[in-house]
Amino acid sequence: QVQLVESGGGLVQPGGSLRLSCAASGFTFSIYPMSWYRQAPGKERELVARIDSIGGGTNYPDSVKGRFTISRDNAKNTVYLQMNSLKPEDTAVYYCNTRLSRSIWSSMDYWGKGTLVTVSS
C-alpha cells in the first residue's frame, strides 16, 4: 500500500517561512525521485520542486526558485519542502508526489491528500 502523507501547512504572513513534510511508505523510497506540486484557487496543478533519489539533483520553476528548497532523508522515508520569503500567490494546497516504476513496462503516479498553505496578513 503506497501512502504519502503531507504535513506542516498552515497560515503564515507574507515574507515568512514554512516547512512541509511528506512521509512515504509502501515502496522502496530511496530509489525514486520525489516531487512537490501545488494547486492554487482557480489555477491548475503545478510542479514546485523535484529531487532525485540520492538528493543531489533538484529542479524548480522560476516562480519559486531561490525561495523554496526540496530535500529528502532516505533513512526516514521523508521528503521536505522549505519555503522562505512566502508570497500571497504561494497560497495553495501542496501535494507530495512520486512516480513509481511498477515494472520495466509501466509506471504510476501516487499522490498525497495535500496540506493547505495560506499566505496572508
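The values are calculated or read from the model by the stated rules, or taken from the named source; none is laboratory data. The structure presented is a predicted model; accordingly, all values stated were derived computationally and were not measured. Methodologically, a virtual Cβ is constructed for each residue, glycine included, from the backbone with ideal geometry; neighbour enumeration extends over all protein chains shown. Only protein heavy atoms, including side chains, enter the accessible area calculation; ligands, DNA and RNA are left aside. Shrake-Rupley method; radii C 1.70, N 1.55, O 1.52, S 1.80 Å.
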Would you mind telling me which numbered condition in (1) over 10 Å from the mean Cα position of the chain (by Cα); (2) in a strand (DSSP E or B); (3) of a type in the set (A, V, I, L, M, F, W, C); (4) within 16 Å of VAL117 (Cα to Cα) LEU86 fails?
(2)
Could you tell me which numbered condition ILE31 fails, if it satisfies all but one of (1) within 20 Å of LEU100 (Cα to Cα); (2) at pLDDT 95 or above?
(2)
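Results for (1) in contact (Cβ under 8 Å) with a residue 24 or more places away in the chain; (2) among the aromatic types (Phe, Trp, Tyr); (3) farther than 22 Å from VAL12 by Cα; (4) surrounded by fewer than 12 Cβ atoms within 10 Å (Cβ to Cβ), shown as yes or no for each residue.
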position: SER53; (1), (2), (3), (4): no, no, yes, no
position: TYR94; (1), (2), (3), (4): yes, yes, no, no
position: ARG99; (1), (2), (3), (4): yes, no, yes, no
position: TRP111; (1), (2), (3), (4): yes, yes, yes, no
Which residues, counting only those in segment 80-121, are at pLDDT 95 or above, closer than 21 Å to GLY16 by Cβ and of a type in the set (S, T, N, Q)?
GLN82, ASN84, SER85, THR91, THR115, THR118, SER120
Could you tell me which numbered condition TYR80 fails, if it satisfies all but one of (1) in contact with a Ser or Thr (Cβ under 7 Å, 6 or more places away or on another chain); (2) in a strand (DSSP E or B); (3) touching a residue at least 24 places away in the same chain (Cβ under 8 Å); (4) surrounded by fewer than 17 Cβ atoms within 10 Å (Cβ to Cβ)?
(4)
Qualifying positions in segment 41-90 - farther than 16 Å from GLU6 by Cβ and among the hydrophobic types (A, V, I, L, M, F, W, C):
ILE54, VAL64, ALA75, LEU86
Segment 40-66, residues that are within 12 Å of the chain's Cα centre (by Cα) and of a type in the set (Asp, Glu)
GLU46
Out of curiosity, is THR69 under 15 Å from the mean Cα position of the chain (by Cα), in contact (Cβ under 8 Å) with a residue 12 or more places away in the chain and open to solvent by 40 Å² or more (accessible area, probe 1.4 Å)?
yes
Within segment 16-51, take every residue that is in contact with a strand residue (DSSP E or B) (Cβ under 7 Å, 6 or more places away or on another chain) and of a type in the set (Lys, Arg) and give me the one that is surrounded by the most Cβ atoms within 10 Å (Cβ to Cβ).
ARG38
